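Single-structure report; data block below.
The values are calculated or read from the model by the stated rules, or taken from the named source; none is laboratory data. Here the structure is a predicted model, which means the values were calculated and not measured. So basically every Cβ, Gly included, is an ideal-geometry build from the backbone, and we count neighbours across all protein chains shown. Ligands, DNA and RNA are excluded from the accessible area calculation, which covers all protein heavy atoms including side chains. Shrake-Rupley method; radii C 1.70, N 1.55, O 1.52, S 1.80 Å.
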Amino acid sequence: MRNFDVKKYIEEGKTTYSKRKDIEALADKVTARGYNNIVIIGIGGTWAEWHPVVHVMKHYTDLPIYLENAAELCIKKDKRYLTKDSLVITVSASGDTKEILAAVKMCKEMGIEVAGFTKNNETPLAKELDYIIANPCGDCEDSYMMFFMLGLRLLYNRGEFPNYEKFADQMGVLHENLLRIREEFEPRAAEIARAYAKEPYNIFVGSGTLWGETYLFSMCILEEMQWVRTKSVTSADFFHGTLELVDKYVPVFLFTGEDEYRELDNRVERFCQKITDKLIVIDTKDYDLKGIDEEFRVICSPMILTALVTERLAAHYELNTGHSLDFRRYYRQFDY
């Protein structure tokens, strides 16, 4: 596979899974402390990675859970729900994301404890946190695994996700599954990138548990890292504006999921089959997860999608656009 180190990937997967005990200990500690709601703070890709976790958690609990954009939270006037009785969780892999740091400092000034994920114990974020999970691994599936473990362990402690232990045990084989899935998808990733990497405009559609990853791939990967012009829209909202931009020559990428919103994805597919010659459907259901029960497939679906597109498709876009995934014009280049 292009630009992919198999040995490194498997080792990083083991490192991420080894954080299970730390994550469970954190969940148990804050459960014993008590909280009235959960406030999760992200921005950009981290907001997107938490989106499916919050989406799934709300299927199992009536506990108020808020997923907040850090920049908005800092200037938001109506945040009475954010109190000392809140469980606040955040993440910044680099540990120096300005908006995240500002939001955490605001919480600390309000006397609110904050738990978070960052690459090590020495980052600026780590020094502000009350509870830390440190993990240097950067692939999105690593984040999804850790975030789901924390979220679902919290629900397990409330008696709302009784199969947590079974789920967490089975995550031990996640990375070997996602390695195989990458290998299966590699020829198609190369084909898609050759055909569409230089298109002037692209539409990306997803829903439910896959919406965060759909948004992340179109914005954080294609827009930020490849300077590809995209429009991301949910399968429900597609029919209230975006459909008018589809014609024979406009590529529509549809990421089809496995939750209750799948029928909305299928509706988009039926429409686009009649209109555009450039419909690309990527369905997570097409990929087996060996050693992982069917009941956990929805939870794993954003992990499958990130392996397919954010990891493999992005690598082939880079080859075909000739633009490095590491080069930015503006992002983190100067103050703004």
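Out of Met110, Met146, report the one residue that is open to solvent by 20 Å² or more (accessible area, probe 1.4 Å) and of a type in the set (A, V, I, L, M, F, W, C).
Met110
Take Tyr81 and decide whether it is open to solvent by 10 Å² or more (accessible area, probe 1.4 Å), within 24 Å of Tyr156 (Cβ to Cβ), hydroxyl-bearing (Ser, Thr, Tyr) and free of Cβ contacts under 8 Å to residues at least 40 places away in the same chain.
Numbers: open to solvent by 10 Å² or more (accessible area, probe 1.4 Å): yes; within 24 Å of Tyr156 (Cβ to Cβ): yes; hydroxyl-bearing (Ser, Thr, Tyr): yes; free of Cβ contacts under 8 Å to residues at least 40 places away in the same chain: no.
Taking the combined requirement at face value, the residue does not satisfy it.
Would segment 264-282 turn up any residue that is in contact (Cβ under 8 Å) with a residue 60 or more places away in the chain, touching a Phe, Trp or Tyr at 6+ places or on another chain (Cβ under 6 Å) and not acidic (Asp, Glu)?
Taking every residue of segment 264-282 in turn, at least one turns out to be in contact (Cβ under 8 Å) with a residue 60 or more places away in the chain, touching a Phe, Trp or Tyr at 6+ places or on another chain (Cβ under 6 Å) and not acidic (Asp, Glu).
Inspect segment 132-141 for any residue being under 17 Å from Leu63 (Cα atoms) and either of a type in the set (Asp, Glu) or over 20 Å from the mean Cα position of the chain (by Cα) (or both) and give the result as yes or no. Steps first, please.
From segment 132-141, those under 17 Å from Leu63 (Cα atoms) are none; that's our starting set.
Checked against the condition, which is being under 17 Å from Leu63 (Cα atoms) and either of a type in the set (Asp, Glu) or over 20 Å from the mean Cα position of the chain (by Cα) (or both), segment 132-141 yields no hits at all.
Only one of Glu128, Glu141 is of a type in the set (Asp, Glu) and open to solvent by 10 Å² or more (accessible area, probe 1.4 Å). Can you tell me which?
That would be Glu128, the only listed residue that is of a type in the set (Asp, Glu) and open to solvent by 10 Å² or more (accessible area, probe 1.4 Å).
Mind checking which residues of segment 247-284 are open to solvent by 50 Å² or more (accessible area, probe 1.4 Å), of a type in the set (Phe, Trp, Tyr) and farther than 20 Å from Glu295 by Cα?
Tyr249, Phe271
Mind checking whether some residue in segment 16-33 is in contact with a strand residue (DSSP E or B) (Cβ under 7 Å, 6 or more places away or on another chain) and under 26 Å from Ser218 (Cβ atoms)?
Within segment 16-33, not a single residue is in contact with a strand residue (DSSP E or B) (Cβ under 7 Å, 6 or more places away or on another chain) and under 26 Å from Ser218 (Cβ atoms).
Mind listing whichever residues of segment 163-214 are among the hydroxyl-bearing types (Ser, Thr, Tyr), crowded, with 19+ Cβ neighbours inside 10 Å and within 21 Å of Glu318 (Cα to Cα)?
Thr214
Scan segment 285-306 residue by residue and report those that are under 21 Å from Ala189 (Cβ atoms) and crowded, with 17+ Cβ neighbours inside 10 Å.
Result: Tyr287, Leu289, Cys300, Ser301, Pro302, Met303, Ile304, Leu305, Thr306.
Does any residue of segment 95-110 turn out to be in contact with a Leu (Cβ under 8 Å, 6 or more places away or on another chain), closer than 24 Å to Val309 by Cβ and of a type in the set (Val, Ile, Thr)?
Keep residues of segment 95-110 that are in contact with a Leu (Cβ under 8 Å, 6 or more places away or on another chain), which gives 95-97, 100-101, 103-104, 106-107, 110.
Adding the requirement that they be closer than 24 Å to Val309 by Cβ leaves 97.
Add one more test, that the residue is of a type in the set (Val, Ile, Thr), and what stays is 97.
So far as segment 95-110 goes, yes, one or more of its residues are in contact with a Leu (Cβ under 8 Å, 6 or more places away or on another chain), closer than 24 Å to Val309 by Cβ and of a type in the set (Val, Ile, Thr).
Can you tell me which of (1) of a type in the set (Ser, Thr, Tyr); (2) within 23 Å of Glu141 (Cα to Cα); (3) more than 18 Å from the chain's Cα centre (by Cα) is the one Ser232 doesn't meet?
Exception for Ser232: condition (3).
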